[in-house]
Amino acid sequence: MLALSQLSLNFQLKQSNALYDIPLLYAMLCLLGVGFVMVTSASMPVAERLFNNPYHITIRHAAFLCMGFVLFWISTSAPMTWWKRCNPYLLLFGLGLLVLVLLIGREVNGSKRWIPVGPVGIQAAELAKLFFFSYIAGYLVRKREEVQENLKGFAKPIAVFSVYAFLILMQPDLGTVVVMFVTTVGLLFLAGAKLWQFFALILTGILLVVLLIIFEPYRMARVVGFLEPWDDPFGKGYQLVQSLMAYGQGGWFGQGLGNSVQKLQYLPEAHNDFIFAVIAEELGFVGVVSIILLLSTLVFRALLIGQKALKAGKEYEGYFALAIGIWFAFQTMVNIGASAGILPTKGLTLPFVSYGGSSLLVMIVAAGVLQRVDFETKMASKQATSRSGSRGGKR
């Protein structure tokens, strides 16, 4: 017991002296590692069929990971003053990307979401999402009192969101719009918006989502398939039925790595949106809980970093970190909920685990931003401590 206490004390001391958030870094690296293994396992059958090479998707995923580590280093090195100064320009750049994708974007499965750049495609909505969160954080710093006191300050960011949402729905991509909406509402609430404004916005958002579902046949089909998947197991409910079968076969410890049956071209998007179902089948309940704990650690650390930054007087950094934490949390819930039949099917990746170039790269950049916020907050607190200590010595 004494040895364990000493180890715990040593870890806490190292954590307090570390320049970056160690649990956040470990959680991200573990998720990336698990994601690489599971993408390899889940993608081999479809890669063999489409590209005549079972490792085609694995090689691409590895290339994205390499690019991701470079971007992670850049984002941890870039000072937060750069993000704060450039966030209006980044917002306009994101807007330009959303317009550009509608003009020259590549269409895949009926959606025009990717801007072709050589052998890869840039998903405009992923970049626009990060730039929008940076803008909202900056707006809340500049107009916090206005947001708290009158409707005008509350309505301005909603107007900007509406423009972004319209362009993203034109692709169409309702899932990204919902993630952005929930994150925006969460930030406005944390910034001190009045409760009646908060609830009015939520009710309006729910109403609009319902209308978007009702008036779009393919979205309505997804909802019907979600509510009664077994009524049409080979039609509207096919994907969810196959996903639930994967969960059912997993048991406590799973069928073993590589032994999934559903990935053998029964479950569509097994390496992407529905990778959690393959994890459940191959690694079982223990694997599912482990992934959820890693993702929970990631979200918790993001929110904690944001809270610490706000307490240290770094409002922009704090709101940006909180936005990233809410984004990671909600996207995780939607992805897992959709594959488990708790929520309607939505095309959102599982953070740091699913295959998906733009989504993976943008989330790695966001994790780098979190580390930078934590670094600058710690440095500011150390400088404040040293100043107070020097004043005390002069006395």
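The values are calculated or read from the model by the stated rules, or taken from the named source; none is laboratory data. All values reported here derive from a predicted model rather than from experimental measurement. Neighbour counts are summed over all protein chains in view; Cβ atoms, including those assigned to glycine, are modelled from backbone coordinates with ideal geometry. Accessible surface is based on the protein model in full, side chains and every heavy atom, while ligands, DNA and RNA are left aside. Shrake-Rupley method; radii C 1.70, N 1.55, O 1.52, S 1.80 Å.
Rounded to a whole number, what % of the accessible area of the stretch 89-215 do carbon and sulfur atoms account for, probe 1.4 Å?
C and S atoms contribute 74 percent here.
Among 363-373, 120-130, 62-72, 201-211, what's the highest-first ranking by average C-beta atoms within 10 angstrom per residue?
Per-residue mean Cβ counts within 10 Å order the peptides as 363-373, 120-130, 62-72, 201-211.
When the helix-only estimate is applied to the chain (DSSP H runs of n ≥ 4, each -39,500 (n - 2.57), divided by the residue count), what is the mean residue ellipticity at 222 nm, nearest 500 deg cm²/dmol?
Theoretical 222 nm ellipticity from helices: -26000 deg cm²/dmol.
Given GLY105, THR81, LEU240, which one lies farthest toward the positive end of the charge dipole of the chain, if we put +1 on the Cβ of every Lys and Arg and -1 on the Cβ of every Asp and Glu?
Final value for the positive-end residue is THR81.
How long are the three semi-axes of the equivalent ellipsoid for the chain, computed from the Cα gyration tensor as the root of 5 times each eigenvalue, in whole Å, largest first?
Values for the chain, descending: 36, 28, 20 Å.
Loop only by DSSP, 12 or fewer other Cβ within 10 Å of the Cβ. Give me the chymotrypsin sites (Phe, Trp or Tyr not before Pro) in the stretch 200-285 that pass, ordered by residue number.
Answer in residue order: PHE215, PHE234, TRP252, PHE253.
Would you kindly state how much longer the chain becomes between ARG85 and THR204 on full extension, computed as 0.36 nm times their sequence separation minus their alpha carbon distance, in nm to one decimal?
Value of the extension gain: 39.6 nm.
What fraction of the Cα pairs in the stretch 89-215, stated in percent, has a spacing above 23 angstrom?
On the way: 2831 of 8001 pairs.
Across the stretch 89-215, Cα pairs with separations above 23 Å total 35 percent.
Compute, for the stretch 89-215, the length of the dipole vector about the Cα centre, with Cβ point charges of +1 (Lys, Arg) and -1 (Asp, Glu) only. Units Debye, rounded to 20. Could the numbers behind the result be given before it?
Values: 10 positive and 6 negative charges, 26 e Å.
Magnitude of the dipole: close to 120 debye.
For the charge dipole of the chain, defined by +1 on Lys and Arg C-beta atoms and -1 on Asp and Glu C-beta atoms about the Cα centroid, which residue among LEU29, GLN307, SER339 has the Cα displaced farthest towards the positive pole?
Of the options given, the answer is GLN307.
With the other protein chains left in place, how much accessible area per residue, in square angstrom, belongs to the chain at a 1.4 angstrom probe?
With all protein chains present, the chain gives 47 Å² per residue.
When the Cα centres of the stretch 230-281 and the stretch 21-94 are compared, how far apart do they sit, in Å?
Cα centroid of the stretch 230-281 versus Cα centroid of the stretch 21-94: 24 Å apart.
Could you state the angle between the C-alpha long axis of helix 80-104 and the longest principal axis of the C-alpha atoms of the chain, as a value from 0 to 90 degrees rounded to the nearest 10?
That works out to roughly 20 degrees.
Can you give the relative contact order of the chain as a percent, counting alpha carbon pairs under 8 Å and 6+ residues apart?
Relative contact order here is 24 percent.
What distance in nm separates the two pseudo spin-label positions at ALA78 and MET379, each 7 Å out from Cα along the beta-carbon direction?
A separation of 1.6 nm, rounded to one decimal place.
Using unit Cβ charges (K, R positive; D, E negative) and no other charged atoms, how large, in debye to the nearest 20, is the dipole of the chain about its Cα centre?
Working: 31 positive and 20 negative charges, 375 e Å.
Roughly 1800 debye, rounded to the nearest 20.
Pop out the carbon and sulfur fraction of the accessible area of the stretch 235-276 as a percent, whole number, probe 1.4 Å.
Accessible surface attributable to carbon and sulfur in the stretch 235-276 totals 57 percent.
List the residues whose amide H sits under 5 Å from the amide H of ILE122, counting only those 5 or more places along or on another chain, with H placed 1.01 Å from N in the peptide plane.
Long-range HN contacts for ILE122: ILE115, VAL117.
Give the angle, between 0 and 90 degrees and rounded to the nearest 10, that separates the Cα long axis of helix 151-169 from the longest principal axis of the Cα atoms of the chain.
It is inclined by approximately 30 degrees.
For LYS129, go through the aspartates and glutamates and keep the ones whose alpha-carbon is under 13 Å away, minus same-chain ones fewer than eight residues off.
ASP173
Please list, in order along the stretch 261-278, the HN-Hα scalar couplings obtained from phi with the Karplus expression 6.51 cos²θ - 1.76 cosθ + 1.60 (θ = phi - 60°), rounded to whole Hz, x for Gly and Pro.
Per residue, the Karplus-derived 3J(HN,Hα) values read 8, 5, 6, 6, 6, 8, 9, x, 6, 5, 8, 10, 5, 10, 5, 5, 5, 5 Hz.
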